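In what follows, a structure is listed as structure tokens, so that the remarks can point back to it.
The values are calculated or read from the model by the stated rules, or taken from the named source; none is laboratory data. Keep in mind that what you see is a predicted model, and the values were worked out from it rather than measured. We place every Cβ from the backbone using ideal geometry, glycine too, and count neighbours over all the protein chains shown.
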Amino acid sequence: IPASSIVRKVVCRTSNRVFVGLPLCRDPDWIDLNIRCTVDMIMGGVMIGWFSKFMRSLASRLFTKVPQCINRGVKLLRPVIEERQKYLNEYGTEWDDKPNDLLSWLIEEAEGPELTVEGLTPRMLAINFAAVHVTSVYAFTQALFYLATNPQYLQPLRAKVEGIVEKDGWSKVAVGKMRRVDSLLKECLCFDGVIGTTLSRKALKDFTFSDGTFIPKGTLIAATTSSLHHDKNFYENPDVFEPFRYSGFAEMHVEDSNGPKHRLTSTPVKYLPFGHGRTACPGRFFAASELKLMLAHVVVTYDVKLEDNVTFPPSLHIGTFTTPNPHAKVVFRTFVLSLYIVRLIVYSLTLNKSF
């Protein structure tokens, strides 16, 4: 299957299991809308940037596809929202089989115009824009490519995940212990990251750095990520992909405050996929848990290889952006004899002797 396109759908569907719940999260139209809307929002943002500030509101309605996305979203969300509002009015905040998802939380908290279908729909599309954004899709696709071209990574990952899941199930505690999975994903974002620059800012006034560098008012500045992530002062062998580079440090410091510093979600000055400081990505914790669960599932369920056993597919570079090869195809084969499955069967037998 084409890895990049299928990963985008999987990430969207998985995220919406939390955002809108069943059955809408599996609706092909809803998934297609959010994938397309993500692209349309980016392109629309570029387009309205060509207009003066007082014209941008009009330009967004006339020259972008975002209004069509919202109208399409309203049609899909209306029956879901109206049904939940009906139950909320009849039974209050608690009823049998009440959906526990983001849409329900928004309905309960919204007031006035925000409580309407037209008010809630843009919020859901905006949240999906962040969730289906390039970072999650990029990290998971690249991780698949590295597993497919380096089968020696699979067994160490599989052994760890199976042991963790056997003890803690598919729980938040288990996700926190998947340090090798965490390390692989972090290395994917660090080794060949999504974007070459980050923390873009516009100077609001003239500024002179301590070394004499002068930045005039209005200048756009940014921090470089690619050179930072390959700096030998910060990383040992930075030009060699090491999937478990961070897991050893995390395990050594699991009992102290230094453990979180080596996780995928950390934002030190030497690791910037999620930004830094008070403007760091607030959704990185959700994204990390989601990515780790998906990759862990792949590891214990499938053997992975590239079609025709080709070498690692080269990424595409567009300006400062990097995207996984859109043409590369990945082959999945069910790992039937997985010790994980055997253990599950044994565990089931102990719970139900009549099985």
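Conditions tested, residue by residue: (1) in the same structural domain as Val7 (by TED's automatic domain parsing); (2) in contact with a Lys or Arg (Cβ under 9 Å, 6 or more places away or on another chain).
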position	(1), (2)
Ile127	yes, no
Gln142	no, no
Asp182	no, yes
Cys188	no, no
Thr197	no, no
Thr208	no, no
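Give segment 137-151 a look and list any residue that's buried (at least 24 other Cβ atoms within 10 Å of the Cβ) and of a type in the set (Ser, Thr, Tyr), or say none.
Scanning segment 137-151 gives Tyr138, Thr141.
For segment 83-96, state whether one or more residues are free of Cβ contacts under 8 Å to residues at least 12 places away in the same chain, assigned to a helix (DSSP H, G or I) and under 24 Å from Arg13 (Cα atoms).
yes
Considering only segment 23-47, state which residues are touching a residue at least 40 places away in the same chain (Cβ under 8 Å) and either among the aliphatic types (A, V, I, L, M) or in a helix (DSSP H, G or I) (or both).
Across segment 23-47, the qualifying residues are Leu24, Asp29, Trp30, Leu33, Asn34, Ile35, Cys37, Thr38, Met41.
Residues of segment 48-82 being out of contact with any helix residue (DSSP H, G or I) (no Cβ under 6 Å at 6 or more places or on another chain) and outside any helix (DSSP H, G or I), which ones?
Once the filter is applied, which keeps residues that are out of contact with any helix residue (DSSP H, G or I) (no Cβ under 6 Å at 6 or more places or on another chain) and outside any helix (DSSP H, G or I), segment 48-82 yields Gly49, Trp50, Ser52.
Can you pull out the residues in segment 39-64 that are under 24 Å from the mean Cα position of the chain (by Cα) and surrounded by fewer than 18 Cβ atoms within 10 Å (Cβ to Cβ)?
Hits for segment 39-64 are Val39, Ile42, Met43, Gly45, Val46.
Do you know which of the residues in segment 179-216 that are hydroxyl-bearing (Ser, Thr, Tyr) and in contact (Cβ under 8 Å) with a residue 12 or more places away in the chain is surrounded by the most Cβ atoms within 10 Å (Cβ to Cβ)?
Within segment 179-216, the match that is surrounded by the most Cβ atoms within 10 Å (Cβ to Cβ) is Ser183.
Can you pull out every residue in segment 283-324 that is of a type in the set (Asp, Glu) and crowded, with 16+ Cβ neighbours inside 10 Å?
Glu290, Asp303 - these are the residues of segment 283-324 that are of a type in the set (Asp, Glu) and crowded, with 16+ Cβ neighbours inside 10 Å.
Look at Ala296 and say whether it is more than 30 Å from Lys205 (Cα to Cα), assigned by TED's automatic domain parsing to the domain that holds Val181, in a helix (DSSP H, G or I) and modelled with pLDDT of 90 or more.
Considered against the rule, which asks whether it is more than 30 Å from Lys205 (Cα to Cα), assigned by TED's automatic domain parsing to the domain that holds Val181, in a helix (DSSP H, G or I) and modelled with pLDDT of 90 or more, Ala296 comes out as yes.
Give me the helices (runs of 4 or more DSSP H) completely within segment 122-188, filtered to those with at least 2 residues that are closer than 21 Å to Asp303 by Cβ, ordered by residue number.
134-149, 154-168
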